[in-house]
Amino acid sequence: MEIYMKYDYLIVGAGLFGAVFAREMTDLGRKCLVIDKRDHIAGNIYTEEIDGIHVHRYGAHIFHTSDKKIWEYVNQFTEFNQYINSPVAVYGDELYNLPFNMNTFSRMWGIRTPAQAKEIIERQIREAGIAEPANLEEQAISLVGTDVYEKLIKGYTQKQWGRKCTELPAFIIKRLPLRFTYDNNYFNDRYQGIPIDGYTRMVERMLEGIEVRLDTDYFRVRHEIEADTTVYTGPIDEYFDYSLGHLQYRSLRFETEKMECENYQGNAVVNYTAADVPYTRIIEHKHFTFGKQPVTVITREYSSEWKPGDEPYYPVNDSRNTELYRKYQELAGQEQGLIFGGRLGQYQYFDMDKVIASALSCVQSQNK
Ligand code: FAD
Ligand code: UDP
């Protein structure tokens, strides 16, 4: 005989948002059930072990934050190593350090001092004559000039987003630091690292003592589970059966290969910035944890427009989608006992630290 159970919270999605929300609510004495349609926990930060290497199945994930409280929060569940992300970019037969810094400029123009780099960049910005940047192309040129834009931004961005840089919002490129020092740290954040025993273990610890059902699609079981409140971290438009139309997403295809060599590319992340290379980047997973295994695992990442049946990864936050998302939010507001959370539920280009902050603030607002 099945035991009837009513939950305080049904949490759809065992990714970071769902796991943090479930942990906090459970600690406050609420009865939570977490479901996920995948056969594993951790959502897109899932890592699996192949030959002793933690492979990031859904793309490279580097934890970084400037928020001390969030850093302390995640450190309850795992220990981080001292990894600092320093990707390199390949353009034809040229190789550049990222983010845009003195190493990049020195290689590009054969110069040495910040004053020389600034002079070239300022001249290129003047020549472009952009008063108020209105899109990603104008924003990028106004920041770093035309040479860096043409070689390191234009092709990569068009592959990543499947749109011309003139059709993309400026904020996407503002994520990347620009510095006039010889510093290849991709992030400006105070805290950074990779969980030593993998993200999956971290989420496993978050979910300790909480009921989790995998291979369980919400749309199949929604009428069988009784809960006061549903927390939904899948795509908001899918929840409403696309009744107002489809939001756009970028999907990704990962081509993972085990190589019988110790070190394939000498770095965890190598971006391919030219438009004629079909993938955006190659990840060599062992370098995230300074692995010494005799073999290696690499992943080529290809970006494509999402269509039904694909996994949605990146929301496309342009004006059309932002407008449509607002309309879905209005629909959501009319329902009782329903919360949308996370990158897909809130249709935002959130990093992990922002997802955790958002889940914690959601818990707080539930307890007012
Ligand atoms: P998800 O991890 O997507 O979890 C949602 C879960 O809901 C999924 O497991 C899904 O299966 C489940 N679900 C959906 N619909 C249903 C349904 N109907 N029924 C049951 N379950 C359902 N952030 C960083 O801070 N640093 C990085 O370096 C970084 N790199 C990234 C690289 C890539 C390629 C991508 C795509 C993202 C990256 N991010 C990075 C962002 C990071 O992945 C997200 O911030 C985080 O994973 C979002 O967690 P989430 O819980 O919102 O969503
Ligand atoms: N970008 C670029 N060239 C690069 C790396 C990034 O032009 O070599 C741009 C691109 O538009 C990308 C954005 O900067 O979408 C943000 O890059 P980030 O590495 O933060 O992307 P993510 O890790 O989220 O895919």
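The values are calculated or read from the model by the stated rules, or taken from the named source; none is laboratory data. None of these values were measured; they are calculated from a predicted model. Neighbour counts are summed over all protein chains in view; Cβ atoms, including those assigned to glycine, are modelled from backbone coordinates with ideal geometry.
May I ask you to say which residue of 172, 194 is within 16 Å of ligand 2 (Cβ to nearest atom), under 18 Å from the mean Cα position of the chain (by Cα) and over 30 Å from residue 135 (Cβ atoms)? Give the steps one after another, and end with the answer.
Details: 172 fails: over 30 Å from residue 135 (Cβ atoms).
Sole residue among the options that is within 16 Å of ligand 2 (Cβ to nearest atom), under 18 Å from the mean Cα position of the chain (by Cα) and over 30 Å from residue 135 (Cβ atoms): 194.
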The lone exception for residue 77 - which of (1) in contact with a helix residue (DSSP H, G or I) (Cβ under 7 Å, 6 or more places away or on another chain); (2) over 19 Å from residue 351 (Cβ atoms); (3) surrounded by fewer than 20 Cβ atoms within 10 Å (Cβ to Cβ) it fails: (2)
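May I ask you to say which residue of 153, 172, 130 is in a helix (DSSP H, G or I) and modelled with pLDDT under 95? Even if it seems obvious, please write down each step before you answer.
Numbers: 153 fails: modelled with pLDDT under 95; 130 fails: in a helix (DSSP H, G or I).
Just one listed residue meets the conditions, 172.
Tally up the residues in segment 354-368 that are within 12 Å of ligand 1 (Cβ to nearest atom) and among the polar types (S, T, N, Q), please.
Filtering segment 354-368 for residues within 12 Å of ligand 1 (Cβ to nearest atom) gives 354-359, 362.
From what is left, the residues that are among the polar types (S, T, N, Q) are 358.
Number of matching residues: 1.
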Filtered residue count, segment 4-32, keeping only those that are in a strand (DSSP E or B) and farther than 21 Å from residue 43 by Cβ: 2
Residue count for segment 1-56, restricted to those that are within 20 Å of residue 73 (Cα to Cα) and among the aliphatic types (A, V, I, L, M): 10
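Go over the candidates 159, 164 one by one and state the one that is on the phi < 0 side of the Ramachandran plot, basic (Lys, Arg) and over 20 Å from the mean Cα position of the chain (by Cα). Walk me through how you get there before you give the answer.
Details: 159 fails: over 20 Å from the mean Cα position of the chain (by Cα).
The unique qualifying residue is 164.
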Might you check whether a residue that is free of Cβ contacts under 8 Å to residues at least 40 places away in the same chain, part of a loop (DSSP other than H, G, I, E, B) and under 27 Å from residue 202 (Cα atoms) occurs anywhere in segment 311-333? no
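Consider residue 251 carefully, then state whether it is among the small types (Gly, Ala, Ser), out of contact with any Gly (no Cβ under 6 Å at 6 or more places or on another chain), at pLDDT 95 or above and assigned to a loop (DSSP other than H, G, I, E, B). Don't jump to the end; show me each part of the working.
Details: among the small types (Gly, Ala, Ser): yes; out of contact with any Gly (no Cβ under 6 Å at 6 or more places or on another chain): yes; at pLDDT 95 or above: yes; assigned to a loop (DSSP other than H, G, I, E, B): no.
Taking the combined requirement at face value, the residue does not satisfy it.
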When residue 234 is run through (1) assigned to a loop (DSSP other than H, G, I, E, B); (2) over 20 Å from residue 349 (Cβ atoms); (3) touching a helix residue (DSSP H, G or I) at 6+ places or on another chain (Cβ under 8 Å); (4) within 12 Å of ligand 1 (Cβ to nearest atom), the failure sits at (2)
State which residue pairs qualify: first residue within 15 Å of residue 250 (Cβ to Cβ) and within 7 Å of ligand 1 (Cβ to nearest atom) and inside segment 342-353, second residue of a type outside the set (Val, Ile, Thr) and not in a loop (DSSP other than H, G, I, E, B) in any location, beta carbons under 6 Å apart, and separation of 6 or more residues or different chains. 350/343
Being away from ligand 2 (no atom under 16 Å from the Cβ), surrounded by 15 or more Cβ atoms within 10 Å (Cβ to Cβ), without any contact (Cβ under 8 Å) to a residue 60 or more places away in the chain and at negative phi: is that true of residue 38 here? no
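For residues in segment 175-194 being in a loop (DSSP other than H, G, I, E, B) and touching a Ser or Thr at 6+ places or on another chain (Cβ under 7 Å), which is surrounded by the most Cβ atoms within 10 Å (Cβ to Cβ)?
First, pick out the residues of segment 175-194 that are in a loop (DSSP other than H, G, I, E, B): 175-177, 179-190, 194.
Narrowing the set further to residues that are touching a Ser or Thr at 6+ places or on another chain (Cβ under 7 Å) leaves 184-186, 189-190, 194.
Values: 184: 18, 185: 17, 186: 21, 189: 17, 190: 11, 194: 24.
Selected residue: 194.
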